[in-house]
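Asks: Below is a structure I'd like to ask you about.
The values are calculated or read from the model by the stated rules, or taken from the named source; none is laboratory data. What you see is a predicted model; the values in this text were computed from it and never measured. Cβ placement follows ideal geometry from the backbone for every residue including glycine, while neighbour counts extend to all protein chains displayed.
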Amino acid sequence: MKGATDRRKVTFALFIATFLAAIEGTIVSTAMPKITGELHGLEQYSWVISVYLLATVIGTPIYGKLADLYGRKSVFMTGALIFLAGSMLSGLSQTMEQLILFRVVQGLGAGALITVPYTIIADIYPFEQRGKVLGWTASIWGIAGIAGPPVGGLLVDYVSWRAIFYMNLPFGMVALTLFHLSFRESFERRKRHIDYPGIVTFAGGMFCFLYALTLLGGETGTPVSRTGTLLWLAGAAVLLTAFFIAERRSPEPIVPLGLFRIRTISTANADSFLICVINVAAIFYVPLWIQGVYGESATYSGLAMIPLSVGWPLGSIVAGNLMAKIGMRRLSITGALFLIAGSAGFATMTASTPVWMLMIFTFLAGMSFGLSLTSFTVAIQSAVGWEVRGSATAMNNFIRNLGQTIGIAVFGMMLHTGSANTLEPAKLEASLHGIFLVILALSFVALLLSLNLPKQEERAEPAAS
């Protein structure tokens, strides 16, 4: 292999790729009215967004395992090319059905862009520098969350809704070219076993499960809707049972179940799950409080959420800089304390609570997400060697996404059963107050999990790649 990896150029390329995958989750939202008006599919409105997220979630652990089997470079570049192909085809779509199909393709490619970069960074940076770089990587998600809706609005108003997909092509090709020329990987070429039964049963089972959760989140309470949800859940149970059987028999399972016997990994994943359940409550239901209880506009609620979008990347950067000095356990405990403070603020809000106080609560929540989740990523990667690092990283990303999906469904049901469908301020306030009390309780559980992390961090540094 000629030359050595240029870490700065590789990192810059990975930052671009991560940003493109992250912004696609939010940039489409402001374009949807224009898209449905042109392609005539209002009843399929939500599917354009949800199928991208579903495909991304399902693809994440598969790409992680493939990166362990076939090397990071080939898997990352394949995923990036699939993402760019999906972007181009989405921009060319002439019907809503075509757009939904091509968004699935785009999401499948994005699964590589949101997980393999974290693994590559862990490979090319030593522990002392890894946290800082991963902190900056995590902050990209906050930046994408802030930039997505306004950038989408500008492109729709002054160019075309198709431009939100086409814009990925030049930036993506720059990232791919830079990565290809700058990343050098020493990888042993040998025959590999692909866990096809695991891939098929996992993808099918998770689709059934995640689709059932989307139905639960919008549950109407009718016998038909309940029967449909139960059928999808039954299908998920059968396929996921088959998946776990396949994993136990496979010589190269997609999800190495032995990873969960490592205390750092099992505890950090459980904590990540809870924090991401709480995360969706803050992201979705605090704006609803501002609009429904305070009676403010959507624009105003978006501005009031900026402290969360600022606190999250700031917390990630702080965690990255302090990781090598004070360790993952202390950082995650600090993050949990920030989370308790923010959740307690949400749980005690009333219709007369000033907006500036609510903004403090959202900032505390954002800081907690950045501090905790970045700490968990570094800790999990450092607890395993190169050969399973992709799988371990991907599983953590998958568990986070699963937490968000389950959170949306559970809190959606709470909102419906709380008789808040009328959006009357008093009823809405009562329903949201119940949700905020739940996340406060979950915050204390997250603190207990952080306290259960080993004081002496488990470390298994890899061979150089």
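One line per residue, one yes/no per condition, for (1) more than 28 Å from T30 (Cα to Cα); (2) surrounded by 15 or more Cβ atoms within 10 Å (Cβ to Cβ); (3) among the polar types (S, T, N, Q):
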residue	(1), (2), (3)
I121	yes, yes, no
I124	yes, yes, no
E128	yes, no, no
W136	no, yes, no
G142	no, yes, no
L169	no, yes, no
H180	yes, no, no
F202	yes, yes, no
G205	yes, yes, no
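Asks: Here is a follow-up. Can you name the residue in the stretch 351-377 that is touching a residue at least 24 places away in the same chain (Cβ under 8 Å) and among the β-branched types (V, I, T) and, of all such residues, is farthest from L274 (Cα to Cα)?
Replies: That would be V355.
Asks: For A324, are the conditions met, namely being assigned to a helix (DSSP H, G or I) and either within 19 Å of the chain's Cα centre (by Cα) or touching a residue at least 24 places away in the same chain (Cβ under 8 Å) (or both)? Quick ask: steps written out before the conclusion?
Replies: On the way: assigned to a helix (DSSP H, G or I): yes; either within 19 Å of the chain's Cα centre (by Cα) or touching a residue at least 24 places away in the same chain (Cβ under 8 Å) (or both): yes.
In short, yes.
Asks: Follow-up question, since we're still on this one. For the stretch 432-446, how many residues are farther than 12 Å from A281 by Cβ and crowded, with 19+ Cβ neighbours inside 10 Å?
Replies: Residues that pass the stated criteria total 1.
Asks: Would the stretch 43-59 turn up any residue that is modelled with pLDDT under 90, closer than 30 Å to E387 by Cβ and not hydrophobic (A, V, I, L, M, F, W, C)?
Replies: Looking only at the stretch 43-59, we keep the residues that are modelled with pLDDT under 90, and these are 43-59.
Filter again for closer than 30 Å to E387 by Cβ, leaving 53-59.
Those still in the list that are not hydrophobic (A, V, I, L, M, F, W, C) too: 56, 59.
For the stretch 43-59, residues modelled with pLDDT under 90, closer than 30 Å to E387 by Cβ and not hydrophobic (A, V, I, L, M, F, W, C): present.
Asks: Out of T119, T137, T115, which single residue is hydroxyl-bearing (S, T, Y), out of contact with any strand residue (DSSP E or B) (no Cβ under 6 Å at 6 or more places or on another chain) and within 17 Å of R8 (Cβ to Cβ)?
Replies: T137
Asks: Specify which of the listed residues (S343, S332, S301) is in a helix (DSSP H, G or I), assigned by TED's automatic domain parsing to the domain that holds A365 and either of a type in the set (A, V, I, L, M) or within 20 Å of the chain's Cα centre (by Cα) (or both).
Replies: Values: S343 fails: either of a type in the set (A, V, I, L, M) or within 20 Å of the chain's Cα centre (by Cα) (or both); S301 fails: either of a type in the set (A, V, I, L, M) or within 20 Å of the chain's Cα centre (by Cα) (or both).
Result: S332 is the single residue among S343, S332, S301 that is in a helix (DSSP H, G or I), assigned by TED's automatic domain parsing to the domain that holds A365 and either of a type in the set (A, V, I, L, M) or within 20 Å of the chain's Cα centre (by Cα) (or both).
Table: residues versus (1) over 27 Å from S139 (Cβ atoms); (2) in a loop (DSSP other than H, G, I, E, B); (3) assigned by TED's automatic domain parsing to the domain that holds T264; (4) under 16 Å from the mean Cα position of the chain (by Cα).
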| site | (1), (2), (3), (4) |
| --- | --- |
| T350 | yes, yes, yes, no |
| G370 | no, no, yes, yes |
| I380 | no, no, yes, no |
| M413 | yes, no, yes, no |
| L437 | yes, no, yes, no |
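Asks: Counting residues that are at pLDDT 90 or above and farther than 22 Å from S50 by Cα, which helices (runs of 4 or more DSSP H) fully inside the stretch 163-253 reach at least 1? Quick ask: steps written out before the conclusion?
Replies: On the way: elements: 163-166, 168-182, 196-217, 223-249.
Qualifying helices (runs of 4 or more DSSP H): 168-182, 223-249.
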